[in-house]
Structure formats: structure tokens, C-alpha cells
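Everything below concerns the one structure shown next.
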Protein chains: 2
Amino acid sequence: MEWLEASTENCPVQRTLDVVGDRWTLLILRDAVNGVHRFDDFHRHIGLSEAVLSDRLRKLTSAGILRTAPYREPGSRSRNEYRLTRKGWDLWPALMALSQWGEAYTLGPEGPVLNVHHTECGAAVRVVVECSTEHSALAHEEVTARLGPGARRRS
Amino acid sequence: MEWLEASTENCPVQRTLDVVGDRWTLLILRDAVNGVHRFDDFHRHIGLSEAVLSDRLRKLTSAGILRTAPYREPGSRSRNEYRLTRKGWDLWPALMALSQWGEAYTLGPEGPVLNVHHTECGAAVRVVVECSTEHSALAHEEVTARLGPGARRRS
């Protein structure tokens with residue numbers, strides 16, 4: 001069986017997009033990675049409607065990507081803020097990869113909005129596809145994809 | 001200035017999503033990475049309408065992510081197929097990162113659809129955020145983000 005004959009129904013890219021493939025969702029996660037936790041902050045910073053934000057936060061929480069944690073400002077009622085779970089942080093490489101492409105191809109003359117560094121040594125970070133044994137960064141030509149046990153014939 | 005005060009207008013994640021942030025677009029790119037090049041193959045394999053596929057292929061071509069190359073089947077007229085450019089291949093780490101998350105969190109009991117290996121040694125590949133100097137894979141806690149020269153105050 002070849003890739004074209006395999007069903008895409010259980011493709012992991014497709015299943016990931018089913019959960020986080022919405023543009024607003026990815027922008028919420030981008031802000032969460034950068035330390036944004038509160039409804040009003042997401043709302044103002046991303047500039048999406050309260051209704052859409054509520055919906056996306058609810059979906060991300062029910063998917064286990066964000067968790068709620070109560071906080072209370074002096075003189076206000078208790079509210080929830082939104083924190084990335086481990087499952088949520090595991091989307092960080094995907095967000096960094098999207099950012100890396102944007103910096104390579106859409107960067108304005110003013111330079112990057114955000115510089116991301118290895119805290120310890122100060123060097124820039126980058127996203128690579130690497131060999132899990134040799135830890136060498138791989139070009140796509142060095143990689144082979146074969147259908148696995150989950151491949152189903154497309155109907 | 002803090003992240004929350006910075007405009008997201010020139011955020012590289014947002015600018016990338018402006019180009020490829022549509023679900024169908026990402027599924028077309030997933031298929032292109034896996035060797036799908038022809039209109040009818042994309043159409044049948046992904047299961048999207050011809051109108052949407054035409055639109056997305058046109059946008060990807062005009063963005064320089066796909067390029068067209070003529071081919072001719074015996075007895076048919078010449079048609080175009082779609083090939084990833086370097087700019088398109090540079091989205092490969094993002095697609096692999098989305099796939100990796102899907103394999104970690106949405107994998108069915110039947111196992112993966114696709115096994116991706118380092119051709120030379122046969123080991124699995126993985127996507128990591130690494131230090132560009134030490135080439136060590138980094139956890140998000142080991143990384144610091146600071147606003148860069150392109151940061152603009154949100155209006």
C-alpha cells in the first residue's frame with residue numbers, strides 16, 4: 001500500500017488539526033506560551049471577540065491543553081486563569097516551528113518581535129528534525145517515511 | 001515593554017498562519033511532503049472540493065510554497081503538477097511537529113500510520129527545539145524570550 005491508498009482519517013497531522021487547527025486557537029496558544037493567562041489579556045492582545053475566545057478556551061480546557069487555576073484581584077471576585085498543561089506545552093515545538101518559518105520568510109526590516117534564547121548560554125534556539133539516536137539535524141532528503149501498522153486502506 | 005503591550009501585527013506565528021493557517025492548506029502540504037503532486041490525487045486523497053483545492057493550490061503557488069511543473073500522461077493533454085519549493089520544504093519541521101503531537105496524544109491502538117526514519121541509520125526522527133550553539137534539545141523552561149527590535153507598542 002502507498003500513501004495515496006492509505007486513509008487519512010487517523011493521520012496524526014489531521015488529528016492534531018482537529019484539536020488545534022483553528023487560527024484563533026493557535027494564536028491563543030502562542031500567547032499562552034508567552035505568559036498570557038487571563039481572559040481579558042487574551043481578549044485585548046489577540047483582538048478576538050469574547051464569544052470566540054470563550055469557546056476556544058473551553059475547547060482547549062476540555063482537550064486537556066489548558067487547565068484553569070483560580071485567582072483573585074484585590075476587591076474583585078475569584079476568576080479563572082488559563083495555564084498550559086504538559087500536553088499544551090508539547091505543542092511548543094510546533095509553535096516555534098511556525099514562528100521560525102515566519103521569521104525566515106515574513107520578517108520586516110525592523111527585525112524580529114521576539115528573540116528566543118537558550119537561557120544558560122544566550123544562543124538563539126532553532127527547531128530541527130533530528131535523528132533520535134545520533135541527535136543530528138536532518139534534511140528531508142535524509143529521511144524515509146513508510147506506512148506503519150496503523151495505515152488503513154482508503155475506502 | 002512587555003509581550004502584552006506589543007502589537008501582534010508582525011508576530012511571525014501570525015504571519016505564518018496568514019499564509020498557511022488554513023486547515024485544508026496544511027493538509028495539502030502534508031500530502032505534498034509525502035509525495036503527492038497531482039490535482040486529482042490531492043482531491044481524492046484529502047477529500048476536499050475541487051473549488052477549494054484549486055483556490056488553495058493557487059494561493060500556495062503564488063506564495064512561492066509550491067511551484068508548478070508540467071507533465072503529460074500518454075494520450076492526455078499536458079497538465080501541471082505541484083512541487084514544494086525550498087520555502088515549502090521549510091514548513092516540514094512544523095508539519096513534523098504537528099504530527100509528533102498527534103502521535104503522542106491521538107494515536108489509536110493500531111499504531112502509527114507512518115513511520116519516519118533517518119534513512120542512513122533507521123532510527124526514528126523527532127522534532128526538537130535546540131540550542132543553535134550546543135545543539136542540545138531544550139525544554140521550554142531552559143529558554144528565555146525577550147522582545148526584539150521589531151516589537152511595536154500595541155495601539
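The values are calculated or read from the model by the stated rules, or taken from the named source; none is laboratory data. Computed from a predicted structure; not experimentally measured. Counting neighbours? That spans all protein chains shown, and the Cβs are built from the backbone with ideal geometry, glycine included.
With respect to the conditions (1) assigned to a helix (DSSP H, G or I); (2) in contact with a helix residue (DSSP H, G or I) (Cβ under 6 Å, 6 or more places away or on another chain); (3) without any contact (Cβ under 8 Å) to a residue 40 or more places away in the chain, B:Thr61 falls short on a single one, namely (2).
Given the structure, is A:His37 in a loop (DSSP other than H, G, I, E, B) and within 22 Å of B:Cys11 (Cβ to Cβ)? Answer is yes for this residue. B:His43 meets all of the listed conditions (1) farther than 15 Å from B:Leu66 by Cα; (2) within 7 Å of another protein chain (Cβ to nearest Cβ); (3) part of a helix (DSSP H, G or I); (4) not hydrophobic (A, V, I, L, M, F, W, C) but one, namely (2). Quick check on the range B:14-26. Is at least one of its residues more than 14 Å from A:Arg23 (Cα to Cα) and modelled with pLDDT of 95 or more? Scanning the range B:14-26 turns up no residue that is more than 14 Å from A:Arg23 (Cα to Cα) and modelled with pLDDT of 95 or more.
Per the conditions (1) exposed (fewer than 15 other Cβ atoms within 10 Å of the Cβ); (2) modelled with pLDDT of 95 or more, the sole criterion not satisfied by A:Glu73 is (2).
Residues are listed down the side, and each one gets a yes or a no for (1) more than 10 Å from chain B (Cβ to nearest Cβ); (2) over 17 Å from B:Leu17 (Cβ atoms):
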| position | (1), (2) |
| --- | --- |
| A:Val33 | no, no |
| A:Leu48 | yes, no |
| A:Ala51 | yes, yes |
| A:Arg58 | yes, yes |
| A:Gly75 | yes, yes |
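If you take the residues of the range A:23-37 that are out of contact with any strand residue (DSSP E or B) (no Cβ under 9 Å at 6 or more places or on another chain) and crowded, with 20+ Cβ neighbours inside 10 Å, which of them is nearest to B:Leu98 (Cα to Cα)?
In the first step, residues of the range A:23-37 are kept if they are out of contact with any strand residue (DSSP E or B) (no Cβ under 9 Å at 6 or more places or on another chain); the result is A:23-27, A:30-31.
Subset that is crowded, with 20+ Cβ neighbours inside 10 Å: A:25-27, A:30-31.
On the way: A:Thr25: 14, A:Leu26: 12, A:Leu27: 15, A:Arg30: 14, A:Asp31: 18 Å.
It comes out as A:Leu26.
Is it fair to say B:Leu114 is closer than 25 Å to B:Asp40 by Cα, under 19 Å from the mean Cα position of the chain (by Cα) and facing another protein chain (nearest Cβ under 7 Å)? Against the criterion (closer than 25 Å to B:Asp40 by Cα, under 19 Å from the mean Cα position of the chain (by Cα) and facing another protein chain (nearest Cβ under 7 Å)), B:Leu114 qualifies.
Within the range A:11-21, none of the residues are out of contact with any strand residue (DSSP E or B) (no Cβ under 9 Å at 6 or more places or on another chain) and more than 10 Å from every other protein chain (Cβ to nearest Cβ).
For the condition in a loop (DSSP other than H, G, I, E, B), over 24 Å from the mean Cα position of the chain (by Cα) and either at pLDDT 95 or above or at the interface with another protein chain (Cβ under 7 Å from one of its Cβ atoms) (or both), what is the one hit in A:Thr133, A:Thr144?
Numbers: A:Thr144 fails: in a loop (DSSP other than H, G, I, E, B).
It is A:Thr133.
Residues in the range A:1-16 that are among the aliphatic types (A, V, I, L, M) and surrounded by 21 or more Cβ atoms within 10 Å (Cβ to Cβ): A:Ala6, A:Val13. If the condition is being over 20 Å from A:Asp55 (Cβ atoms) and more than 7 Å from chain B (Cβ to nearest Cβ), then the range A:79-99 contributes only A:Arg86.
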